[in-house]
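Presented below is the structure to which this report refers.
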Amino acid sequence: MLGQQIMSGLATGSLYALTAIAVVVVFRNTRTINLAQGDFSMIGAFLALIFLKSFGFNYYFTIFLVVVCIVALGILTERLVMRPIADSDWLTLFTATLGVYYILHGVAGWLWGRDTKAFPVTFDPTPVQILGTIVSEGHLINIAWATGIGIVLFVFFRFTKQGIAMRAVTDDPETAELMGIPVRFIVMLTWGMAGFLAAFAGILIAPIIYVSPQMMDEVLIKGYVAAVFGGLYSIPGAVIGALMIGVAENLAGGYLGSHYKTATAFAMIVALLALRPQGLFGIQKRREI
Amino acid sequence: MAGKIPGGALPAAVGNREAVAEQRRRFIRQDFMLVCLLFAVLLLIPALPFVKGWMAAQAVLVIVYIIAAQGVSILTGYTGLVTVGHGGFLAIGAYTAALLSKHFGADVLICVVAGGAMSALIGVALGLIFLRLSGAFMAIGTLGFAFFVGTIVNNVKVFEGREGISLPPNHVFGLPIGDIGFYYVAVLLLGLMTLFIHSLVRSGVGRALKALRDSEKAAQSYGVNRWFYRTLAFSISAGITGVAGALNGLVTRFVSAEVYSDIWYSVDMLVAAIVGGTSMLMGPFIGGVFVAMLPFFLEKLADFSFILKGAVLIAILMFAPAGVGGLIAKPFQAMRRRRLAEAGARAVAGAGVAESVAQEGARNG
């Protein structure tokens with residue numbers, strides 16, 4: 001029972017991690033708390049549903065198409081909304097993404113309706129036994145996808161020119177610009193990456209929570225909690241935060257009752273922030289005068 | 001601006017300053033008259049023949065949003081802190097009022113005061129935690145608080161979860177009041193809150209808050225106690241939102257977790273504060289009306305109201321960062337600045353003549 005709870009917690013947590021990483025990447029490169037991150041995923045899930053059901057596309061081709069569309073959506077958001085106000089304070093940026101949230105929410109509700117739709121399950125729902133615990137195959141697939149994406153990101157940030165440039169922008173945008181790094185392009189890339197992660201998060205979580213305009217609200221909030229938990233600047237921190245939240249809420253759901261799931265995540269974060277205001281892996285930034 | 005008018009020795013500058021001050025006082029009187037006029041209109045509206053009870057109840061809901069936005073604007077506007085969790089304080093106010101009304105049959109005014117006081121108290125405790133956090137962290141922390149309140153009212157017995165608490169009819173000083181009577185109470189409270197915020201931002205406390213907002217280090221080096229003032233601001237803001245919550249619960253005479261665990265309340269309040277324009281008295285009025293009336297007008301087109309809300313929000317951030325209030329006030333402020341400059345210039349010219357006459361006299365005598 002306990003092993004099973006932990007395992008399915010890790011599976012959900014790995015999906016939260018996709019959102020949490022996107023939150024961190026966008027925040028540290030653009031100072032933007034992106035509230036629309038969940039809705040990128042939501043639009044992605046709806047598109048996937050259409051591609052799979054109405055057009056009858058293959059699952060992997062669908063994933064490819066959705067990733068392309070949502071990356072485009074991320075870049076579009078950056079160009080149309082965020083770039084004109086890029087120099088504003090963070091509250092303005094935050095509120096602008098709230099505007100994007102409302103628009104995407106409204107568009108989805110308008111085009112596809114507010115009711116929940118089932119998402120076709122592509123894997124075998126019968127549980128399998130691994131290491132003495134019973135796990136559903138869906139959970140394993142999700143963990144596998146999330147790990148794969150994690151490796152891709154690691155390689156990107158470590159070995160590619162763009163990835164290194166992106167880290168440079170994180171550390172010090174002004175110096176990066178002086179060094180000839182095209183900061184605007186990197187910011188665009190950042191939003192593209194947010195779209196990339198959102199597409200996967202949406203498609204992978206859709207069979208679990210079903211598809212509706214508000215499907216990602218809670219996931220987004222947990223992604224945020226995870227990101228804050230890890231200190232908002234650290235990708236490994238966000239991943240660890242996401243996994244911890246996944247496990248903790250699953251245990252709370254199992255032993256206290258499902259109502260306490262989300263509250264547990266927040267109780268954790270408030271407790272942590274009270275002790276370490278900069279998050280678990282955060283660095284206490286030098287205060288500017 | 002007026003200080004930059006050229007010419008005028010010392011005595012002239014004194015005359016200049018007095019004339020400008022006089023002009024300023026005139027502007028303050030004008031503002032005061034405008035606000036009085038607004039409230040007079042608000043108080044007279046129910047006397048119109050076509051006004052029905054439900055309209056008054058609807059109007060109270062708008063007032064609730066205005067007061068809540070006032071609460072948020074104390075933080076975002078005057079203190080420079082961001083909260084995404086004030087829905088929690090709305091809930092605390094509403095439930096405090098509801099429990100008092102249900103179990104003790106308390107007076108509306110007592111319920112409202114208790115709701116505000118309870119929120120303010122909890123605000124002190126939370127302020128001590130949240131004010132350690134900077135910007136983005138604080139936003140997430142306050143959001144967590146709203147969620148937490150939602151879970152509590154959903155699960156703790158006394159709050160009766162989604163079933164909700166139905167309230168007995170409202171009464172003030174022993175007199176039963178209907179929707180229209182309640183509307184008067186709400187307008188009165190709105191007036192009190194507006195007056196309170198007006199005097200707060202002009203008091204020493206308000207100046208300390210603004211100083212902390214503009215430069216924390218500079219303010220601290222002048223001896224402004226950051227902890228004390230920020231916690232105070234958080235608590236006041238929570239208390240005002242609690243008053244809004246109490247009104248909201250009492251006017252609908254029904255309080256349920258379904259409504260108050262919705263964290264988008266919190267977000268709506270922030271939207272109201274920003275759309276209207278923070279750090280100005282007029283802002284919450286405009287923002288509150290916008291946020292409260294949008295779903296009312298577009299009831300059948302809920303999705304469209306979402307799109308409109310988002311588009312308006314983005315447009316305002318791009319083109320009018322000071323909010324709609326700032327946009328409206330801009331030409332008036334420009335006009336007033338011109339008037340002040342003119343008053344200053346006139347004073348200089350007048351004083352200049354007087355001065356030369358005096359000098360002439362001195363030379364002759």
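Each value in this text was obtained by applying a stated rule to the coordinates, not by laboratory testing. From a predicted model like this one, the values you see are computed outputs, not experimental measurements. Cβ coordinates were reconstructed from backbone atoms using ideal geometry, including for glycine residues, and neighbour counts include every protein chain displayed.
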- Item | Additional length obtainable on full extension of the chain from B:Leu38 to B:Glu22, 0.36 nm per residue less Cα span | 3.3 nm
- Query: For the protein assembly as shown, what does the equivalent ellipsoid look like in terms of its semi-axes, each the square root of 5 times an eigenvalue of the Cα gyration tensor, given largest first in whole Å?
  - Reply: 48, 33, 23
- Query: Relative to the longest principal Cα axis of chain B, at what angle does helix B:179-202 sit, 0 to 90 degrees, rounded to 10?
  - Reply: 40
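Report the charge-dipole magnitude of the protein assembly as shown in Debye, nearest 20, computed about the Cα centre from +1 at each Lys and Arg Cβ and -1 at each Asp and Glu Cβ.
On the way: 45 positive and 32 negative charges, 322 e Å.
Taking the Cα centre of the protein assembly as shown as origin, the dipole is about 1540 debye.
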- May I ask for the Kirkwood hydrodynamic radius of chain A, worked out over all distinct Cα pairs and given in angstroms to one decimal? 19.4
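Please sort through the DSSP H helices of chain A and keep those with an alpha-carbon extent of at least 20 Å along the long axis and a Kyte-Doolittle average not below 1.0.
On the way: long enough: A:2-30 (40 Å, 1.09); A:37-53 (24 Å, 1.28); A:59-77 (27 Å, 2.48); A:90-112 (32 Å, 1.15); A:137-159 (33 Å, 1.36); A:183-209 (38 Å, 2.02); A:235-255 (30 Å, 1.27); A:260-275 (22 Å, 1.70).
Span-like helices here: A:2-30, A:37-53, A:59-77, A:90-112, A:137-159, A:183-209, A:235-255, A:260-275.
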- Once you put a point 7 Å from the Cα of A:Val155 and another 7 Å from the Cα of A:Glu177, both along the Cβ direction, what distance in nm separates them? 3.3
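Quick check on segment A:146-289: what does the Kirkwood estimate of hydrodynamic radius come out to from the alpha carbon pairs, in Å?
Working: mean 1/r = 0.0586 Å⁻¹.
Kirkwood radius, segment A:146-289: 17.1 Å.
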- Within chain B, longest stretch clear of exposed chymotrypsin sites (Phe, Trp or Tyr not before Pro) (DSSP loop, no more than 16 other Cβ within 10 Å): B:223-365
- Helix B:264-276 axis, angle to chain B major axis (alpha carbon atoms, nearest 10°): 20
- Note on the structure: Expressed as a whole number, the average count of other chain Cβ atoms within 10 Å around the Cβ atoms of A:221-228 is 3
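Over all residues in A:85-97, what is the mean tally of Cβ atoms on other chains that come within 10 Å of each residue's Cβ? Working shown, then result.
Numbers: counts 5, 0, 0, 3, 4, 4, 11, 5, 1, 8, 12, 6, 3.
Averaged over the peptide's residues, the number is 5.
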- Task: Quick one: plug the Kirkwood hydrodynamic radius of segment A:12-86 (C-alpha pairs) into Stokes-Einstein at 25 °C, 0.890 mPa s, and report D in µm²/s.
- Result: 182
- Query: Taking the Cα atoms only, what angle lies between the long axis of helix B:302-319 and the longest principal axis of chain B, rounded to 10 degrees?
  - Reply: 20
- Message: Take B:Val172 and A:Leu80, extend 7 Å from each Cα along the Cα→Cβ direction, and tell me the distance between the two endpoints in nm.
- Response: 4.8
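D for segment B:52-279, whole µm²/s, Stokes-Einstein with Kirkwood Rh over alpha-carbon pairs at 37 °C and 0.692 mPa s: what number?
Values: Rh = 17.5 Å.
The calculation lands on 188 µm²/s.
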